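Colleague: A single structure is presented below for examination.
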Amino acid sequence: MKRIILTILSLFLFTTIAIMAQPKLSFDCGKRIDLGELSKGATTSTVVTLINSGNKTLEIDDIRYDKKYITLNFENMILEPGESRHIDISVNTGDLSGKILKSISFRTNGTKKVRPFFNIYFMVPEPLEIDHTPVILVGEADNPATGSFKMINNSKSDVQIKSVKTTDGLFVRNETPASLSSGTKFEFELLLLEQSATNQFITIETSHPDYPEIRIPVHARFKK
């Protein structure tokens, strides 16, 4: 009887130890890498440290990421308990714009499925940006509707403003500059006289090869 009890206890102890012995993949960056603001077509790099914080050998079976924009330099797929490795990450913004999130996912002998382990965040402003669209104008019952929007030149060169055209009843109140220097912005101040024409457009022709013509919707609201 004692021998049976000892055998059961030994099996239980062995199973418990086996269950407790697990690899665990962790990173010095936590779950998030924020690269901040990057220009269109730019390349930047960062280094992340992978750590086996478990108590069993960690084997990385699969790494998945968007290969169009991300390049990884990582060779050793096996980490002993407490061991760490550096992974070089290169990000090219390419044709991306706006707020971007890219995930890097791993499958290890400690996880059954491929799942994201950390996310990469960055912002790519448009080379020639309109701060908000559509533009909303507000006016009183017997007065014109007014409002404004900004054009921002995030590109590395000056941009010429060739022409500014508006639909009937919509006017630009201030003098438009002939060009926008790199890193500068201009605020277009608008005026709408016709209360019946609440849906308008302003069209701006520029020298930027990607933005030869920008058509911006303009809506007006009149308070009674």
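A quick yes/no check of all residues on (1) over 27 Å from Ile152 (Cα atoms); (2) of a type outside the set (Gly, Ala, Ser); (3) touching a His at 6+ places or on another chain (Cβ under 6 Å):
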site	(1), (2), (3)
Val47	yes, yes, yes
Leu58	yes, yes, no
Lys68	yes, yes, no
Glu80	yes, yes, no
Val91	no, yes, no
Ser97	no, no, no
Thr108	yes, yes, no
Asp131	no, yes, no
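Colleague: Which pairs have Cβ atoms under 6 Å, sit 6 or more apart or on different chains, and link a residue in the range 208-224 that is under 23 Å from Leu193 (Cα atoms) and among the charged types (D, E, K, R) to one that is part of a loop (DSSP other than H, G, I, E, B) and at pLDDT below 95?
Modeller: Close Cβ pairs satisfying both conditions: Lys224/Ala141.
Colleague: Looking at the range 30-109, what strands (runs of 3 or more DSSP E) fall wholly within it and have at least 1 residues that are surrounded by 17 or more Cβ atoms within 10 Å (Cβ to Cβ) and under 13 Å from the mean Cα position of the chain (by Cα)?
Modeller: Output list reads 32-37, 84-92, 98-108.
Colleague: Might you check whether a residue that is touching a strand residue (DSSP E or B) at 6+ places or on another chain (Cβ under 7 Å) and either assigned to a loop (DSSP other than H, G, I, E, B) or modelled with pLDDT under 90 (or both) occurs anywhere in the range 10-23?
Modeller: Yes - at least one qualifying residue is present in the range 10-23.
Colleague: Looking at (1) within 17 Å of Ile104 (Cβ to Cβ); (2) at pLDDT 90 or above, which is the one condition that is false for Phe74?
Modeller: For Phe74, the failing item is (2).
Colleague: Mind checking which residues of the range 60-73 are touching a Leu at 6+ places or on another chain (Cβ under 8 Å) and over 26 Å from Glu129 (Cβ atoms)?
Modeller: Of everything in the range 60-73, those that are touching a Leu at 6+ places or on another chain (Cβ under 8 Å) and over 26 Å from Glu129 (Cβ atoms) turn out to be Ile60, Ile63, Tyr65.
The values are calculated or read from the model by the stated rules, or taken from the named source; none is laboratory data. What you see is a predicted model, and the numbers here were worked out from it, not measured in a lab. Note that each Cβ is placed from the backbone with ideal geometry, even for glycine, and that neighbours are counted across all protein chains shown.
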